[in-house]
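Taking it in order: structure first as structure tokens, then the write-up.
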Amino acid sequence: MNSAPAAVIERAGVPNLDCDPFSDKFLENPYPYHDQIREAGPLVWLSRYGIWATARHDEASEVLKDYKRFCSSAGVGIANFKTEKPFRPPSLLIEADPPEHTRARNVMGHALSQKNISALQEKFEADAVAIIDAALEKGDIDGMDDIAIAYPIKVFPDVVGLGSEGRENLLIYGNQIFNIFGPPNRLFKGALEKIPNASAWVTEHCKRDVLAQGSIGQIIYEGAEAGDVSPDEAGLLVRSLLSAGVDTTVSGIGNMLNLFAQNPDQWALLRSDPSLINFAFEEAIRVEGPVQTFFRTSAMATELSGIPVGDNEKLVLFLGGANRDPRRWDDPDRFDIARKPSGHLAWGNGVHRCVGMRITQMEAEAILKAMLARIELIEPTGPAKIRLNNTLRVLDSLPLRLTGV
Ligand code: OVM
């Protein structure tokens, strides 16, 4: 399963780089490497793994938008499902192409429709107020445990329809599947060893009879009743919610808190102009996106920016690198909530663009709104620690002091 080539594979006529995007050093601070990859060319060859890579915005966007040339059904991690057995039944969403993908996406899109989501706003805001009040009461907090984890692990499983027991399994499972998108390194092996328990818990909690009445999980099963997908497929769609919906949001909210702690001028700006609230989270995930890499696989011999790509070759898209491409953004490394970061790729692009985007935005906005009304200062009280993951950029701890208004 998922074997990286032992030997270095060179490609003539294109920039060959030997960096390892899944090494601890790269994952700790990917941005200098992104710069190097981006400046080496529109598309470069990573000889250690025998894969293509781009850290440029326009190229990454073009690949994401063209599912005919660059498919997802061969997997969106480094493993090629055409030759390697996937570690779990493939997702009907991210590991599928149209037309199969379209059917599943429509069922999910309906369950997560604006109408269904808007109904949740009051609950999201009330839960955010409770979390922020408790954090402010403490004053000295861990931004991860006390906010970035506490909030999504409360609201999101509520919405999917899960009970309150065992929710920590969602964090364990998320961390593992995002590690397993990478090559068989230490992080991958650790994840694979530890996955059975969390995975079994998730499978059990995707079943119809454990999901609350009126929940999004139940709505997905109703879609199955309408004949759009089978009951088994409905279970897999609930699994997608639980795979994609927790750790990503934890990462995004944590990275945003860290950015505000590091850039007090930006918190002051948001306090003086709360209408920037919608842009604040978007800008945070532009500069520190949860999902740093997704792969595509060429479905035909093709080219990208004039560079020939053979059939059935893997491409890694550095979404975090594309989001800091100076060809696309002025002063790209700067966290600036006054810029309008539309076109960033943290949600992906094309037919697979995050289907849960509105829910996540509502979570982030509810947290920010509760904080704006209550918190004057967000200060770091120690260094943030990173939790290394083959795909996610996520903090492990974030020591902060909150000062009330
Ligand atoms: C899925 C899935 C898993 C991980 C990530 C994701 C960000 C989707 O199982 O469909 O999207």
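See the values below:
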read-out: Residue selected from the range 29-60 under the condition of a type in the set (S, T, Y) and surrounded by fewer than 22 Cβ atoms within 10 Å (Cβ to Cβ), by the criterion farthest from the ligand (Cβ to nearest atom); value: S47
read-out: Every pair of residues 6+ apart whose Cβ atoms lie under 6 Å, when the first sits in the range 226-253 and is in contact (Cβ under 8 Å) with a residue 40 or more places away in the chain and at positive phi while the second is more than 8 Å from the ligand (Cβ to nearest atom) and outside any helix (DSSP H, G or I); value: none
read-out: Residue count, the range 197-216 (criterion: at negative phi and surrounded by fewer than 21 Cβ atoms within 10 Å (Cβ to Cβ)); value: 13
read-out: Those helices (runs of 4 or more DSSP H) lying entirely in the range 203-281 with at least 2 residues at pLDDT 95 or above and within 16 Å of the ligand (Cβ to nearest atom); value: 216-225, 231-244, 247-262
read-out: Which numbered condition K115 fails, given (1) modelled with pLDDT under 95; (2) within 16 Å of N258 (Cβ to Cβ); value: (2)
read-out: Which listed residue, of K82, K25, is more than 20 Å from W347 (Cα to Cα), modelled with pLDDT of 95 or more and assigned to a helix (DSSP H, G or I); value: K25
read-out: Close pairs from the range 88-101: first within 11 Å of H352 (Cα to Cα) and more than 10 Å from the ligand (Cβ to nearest atom), partner assigned to a helix (DSSP H, G or I) and at pLDDT 95 or above, Cβ under 7 Å, at least 6 apart; value: P98/V351; H101/V351
read-out: Of residues in the range 165-184 being within 22 Å of I78 (Cα to Cα) and without any contact (Cβ under 8 Å) to a residue 60 or more places away in the chain, the one farthest from the ligand (Cβ to nearest atom); value: I172
read-out: Of residues in the range 79-91 being surrounded by fewer than 24 Cβ atoms within 10 Å (Cβ to Cβ) and touching a Lys or Arg at 6+ places or on another chain (Cβ under 9 Å), the one farthest from Y31 (Cα to Cα); value: P89
read-out: Verdict on L368 being out of contact with any strand residue (DSSP E or B) (no Cβ under 8 Å at 6 or more places or on another chain) and on the phi < 0 side of the Ramachandran plot; value: yes
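Yes/no per residue for (1) more than 18 Å from the chain's Cα centre (by Cα); (2) among the aromatic types (F, W, Y); (3) crowded, with 22+ Cβ neighbours inside 10 Å:
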position: G245; (1), (2), (3): no, no, yes
position: L259; (1), (2), (3): no, no, no
position: R271; (1), (2), (3): yes, no, no
position: V287; (1), (2), (3): no, no, yes
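The values are calculated or read from the model by the stated rules, or taken from the named source; none is laboratory data. Predicted, not measured: the structure shown is a model, and the values here were computed from it. Note that each Cβ is placed from the backbone with ideal geometry, even for glycine, and that neighbours are counted across all protein chains shown.
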